[in-house]
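A.B. asks: I have a structure I would like to understand better, so I am pasting it below and will then ask my questions one at a time.
The values are calculated or read from the model by the stated rules, or taken from the named source; none is laboratory data. None of these values were measured; they are calculated from a predicted model. Positions of Cβ are generated from backbone atoms using ideal geometry, with glycine treated the same way; all protein chains shown enter the neighbour counts.
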Amino acid sequence: MKYNIITGGSSGLGFEIAKLIVEKDENIILIGRNIKKLEKCKSELKEYQKESKIITYPLDISDEKGVYYFIDFLDKNQYNVQRLFNVAGKGFYNNFNNITKEKMIDIFNSNLFGLILITKSICDYMLRHKIKNQRIISILSTAALKGKKNESLYNSAKFGAKGFLEALRDEIKEENIELINIYPGGMKTPFWKDSNANYNFDTFMDPLDVANEIINVSFNQKIFISDITINRPKR
Ligand SMILES: NC(=O)c1ccc[n+]([C@@H]2O[C@H](COP(=O)([O-])OP(=O)(O)OC[C@H]3O[C@@H](n4cnc5c(N)ncnc54)[C@H](OP(=O)(O)O)[C@@H]3O)[C@@H](O)[C@H]2O)c1
């Protein structure tokens, strides 16, 4: 059975992507650390569900052993992975003086170490269980393209993720796996909940609009868009 894996599928952009995939009647595996959030999402997704399967899998993507068990779970169930959506991530908006080693580990775990661990493991799985048209779609950020005041730690994690994904794309260029990197600007999601950022959030994008574009580039097999920046319109 073919599956779409969505890390960070229990909130914000990842949840909107999940809704659109379930509406297409395709199977999904939703990943996040909080089981209660995952179960709530699963019950909300029933509204969009036809015949497809919705599996929730609690996992911290930066936990190496946990990722290993997840791969074992896929292997045992003989699930084919058609697409991996790397959506999990975490923000940190603060002055450079407030960066601590603990904060660095926290932000790097979700945005960089975890992304590398799950991507390398799923990529290996895809190579072992080859099916047609496999894709890895990664949500980076415009913060992966340009450094910005008070975002230095987040910028460095996203720049690192971009570097890893571009190198991996080159390393597996002879294989039948396409890597799509997405660079969105600000979106209205819980991502900003505890931040003290003084942006005008009214101008931020609706995550559903962004998810629609991501689904278009991810599911259209007639073209391969390798990189896409999605910006807020100028008002
Ligand atoms: N919102 C924006 O303005 C914006 C702009 C550009 C790019 N982005 C990027 O877009 C992606 C989605 O962000 P969002 O706005 O939808 O944020 P969000 O609503 O806060 O959702 C983040 C998701 O990631 C999961 N997550 C975080 N760390 C994880 C880990 N270590 N292991 C597994 N799951 C983890 C969270 O679930 P748990 O906490 O339960 O684990 C949650 O489901 C992120 O990569 C973010 O960097 C966001």
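A.B. asks: Which residues, counting only those in the stretch 38-62, are surrounded by 15 or more Cβ atoms within 10 Å (Cβ to Cβ) and under 29 Å from ALA161 (Cα atoms)?
C.D. replies: LEU38, CYS41, LYS42, ILE54, ILE55, THR56, TYR57, PRO58, LEU59, ASP60, ILE61, SER62
A.B. asks: Shifting gears a bit: Conditions: (1) of a type in the set (A, V, I, L, M, F, W, C); (2) surrounded by fewer than 16 Cβ atoms within 10 Å (Cβ to Cβ); (3) more than 16 Å from the ligand (Cβ to nearest atom). CYS123 meets all but one. Number of the miss?
C.D. replies: Unmet condition: (2).
A.B. asks: Quick check, is ILE31 crowded, with 20+ Cβ neighbours inside 10 Å and within 13 Å of the ligand (Cβ to nearest atom)?
C.D. replies: Numbers: crowded, with 20+ Cβ neighbours inside 10 Å: yes; within 13 Å of the ligand (Cβ to nearest atom): yes.
In short, yes.
A.B. asks: What's the total number of residues in the stretch 80-120 that are of a type outside the set (A, V, I, L, M, F, W, C), farther than 19 Å from ALA161 by Cβ and either in contact with a helix residue (DSSP H, G or I) (Cβ under 8 Å, 6 or more places away or on another chain) or within 16 Å of the ligand (Cβ to nearest atom) (or both)? Full working, then the answer.
C.D. replies: Residues of the stretch 80-120 of a type outside the set (A, V, I, L, M, F, W, C): 80, 82-83, 86, 89-91, 93-95, 97-98, 100-103, 106, 109-111, 114, 119-120.
If we keep only those that are farther than 19 Å from ALA161 by Cβ as well, we get 80, 82, 94-95, 97-98, 100-102.
From what's left, either in contact with a helix residue (DSSP H, G or I) (Cβ under 8 Å, 6 or more places away or on another chain) or within 16 Å of the ligand (Cβ to nearest atom) (or both): 94, 102.
Selection size over the stretch 80-120: 2.
A.B. asks: For the stretch 87-112, give me each residue that is hydrophobic (A, V, I, L, M, F, W, C) and surrounded by fewer than 19 Cβ atoms within 10 Å (Cβ to Cβ).
C.D. replies: At the first step, the residues of the stretch 87-112 found to be hydrophobic (A, V, I, L, M, F, W, C) are 87-88, 92, 96, 99, 104-105, 107-108, 112.
Across the stretch 87-112, the qualifying residues are PHE96, ILE99, MET104, ILE105.
A.B. asks: Show the residue pairs meeting these rules: Cβ distance below 6 Å; 6+ apart or different chains; first residue within the stretch 42-65 and closer than 14 Å to ALA88 by Cα; second residue surrounded by fewer than 16 Cβ atoms within 10 Å (Cβ to Cβ).
C.D. replies: Correct list of pairs: PRO58/ILE35.
A.B. asks: Here's something else I'd like to know. Checking ASP25 against (1) out of contact with any helix residue (DSSP H, G or I) (no Cβ under 8 Å at 6 or more places or on another chain); (2) on the phi < 0 side of the Ramachandran plot; (3) touching a residue at least 24 places away in the same chain (Cβ under 8 Å): exactly one of these is not met. Which one?
C.D. replies: (2)
A.B. asks: Among the listed residues MET187, MET205, which satisfies the condition of being under 20 Å from ASN150 (Cα atoms), among the aliphatic types (A, V, I, L, M), at pLDDT 95 or above and in contact with a strand residue (DSSP E or B) (Cβ under 9 Å, 6 or more places away or on another chain)?
C.D. replies: Numbers: MET205 fails: under 20 Å from ASN150 (Cα atoms).
Testing whether each residue is under 20 Å from ASN150 (Cα atoms), among the aliphatic types (A, V, I, L, M), at pLDDT 95 or above and in contact with a strand residue (DSSP E or B) (Cβ under 9 Å, 6 or more places away or on another chain) leaves just MET187.
A.B. asks: Let me ask something else about it. Quick check on my filter: what residues within the stretch 154-175 are exposed (fewer than 13 other Cβ atoms within 10 Å of the Cβ) and of a type outside the set (Lys, Arg)? Spell out the reasoning first.
C.D. replies: Within the stretch 154-175, the first condition is being exposed (fewer than 13 other Cβ atoms within 10 Å of the Cβ), and the residues that meet it are 163, 167, 170-171, 173-175.
Within the stretch 154-175, GLY163, ALA167, ASP170, GLU171, GLU174, GLU175 qualify.
A.B. asks: Additional query: Please specify each residue of the stretch 58-104 satisfying the condition of being within 19 Å of the chain's Cα centre (by Cα), part of a helix (DSSP H, G or I) and not acidic (Asp, Glu). Step through it out loud before you land on a result.
C.D. replies: Going through the stretch 58-104, the residues within 19 Å of the chain's Cα centre (by Cα) turn out to be 58-64, 66-68, 70-71, 74, 80-92.
Within this subset, residues satisfying the condition of being part of a helix (DSSP H, G or I) are 64, 66-68, 70-71, 74.
Answer for the stretch 58-104, where residues must be within 19 Å of the chain's Cα centre (by Cα), part of a helix (DSSP H, G or I) and not acidic (Asp, Glu): GLY66, VAL67, TYR68, PHE70, ILE71, LEU74.
A.B. asks: Any chance the stretch 206-222 includes a residue that's over 16 Å from the mean Cα position of the chain (by Cα) and β-branched (Val, Ile, Thr)?
C.D. replies: The answer is no; no qualifying residue exists.
A.B. asks: Next question, about the same structure. Consider the stretch 1-21. How many of its residues are buried (at least 24 other Cβ atoms within 10 Å of the Cβ) and either touching a strand residue (DSSP E or B) at 6+ places or on another chain (Cβ under 8 Å) or more than 24 Å from GLY185 (Cα to Cα) (or both)?
C.D. replies: Residues of the stretch 1-21 that are buried (at least 24 other Cβ atoms within 10 Å of the Cβ), as a first pass: 4-10, 13-15, 17-18, 21.
Retained after the next criterion (residues that are either touching a strand residue (DSSP E or B) at 6+ places or on another chain (Cβ under 8 Å) or more than 24 Å from GLY185 (Cα to Cα) (or both)): 4-10, 13-14, 17-18, 21.
Number satisfying all stated conditions: 12.
A.B. asks: Another question about this same structure. Among the residues in the stretch 2-14, are any among the basic types (Lys, Arg) and part of a strand (DSSP E or B)?
C.D. replies: Let us first name the residues in the stretch 2-14 that are among the basic types (Lys, Arg), namely 2.
With part of a strand (DSSP E or B) added as a condition, the list becomes 2.
Yes, that holds for at least one residue.
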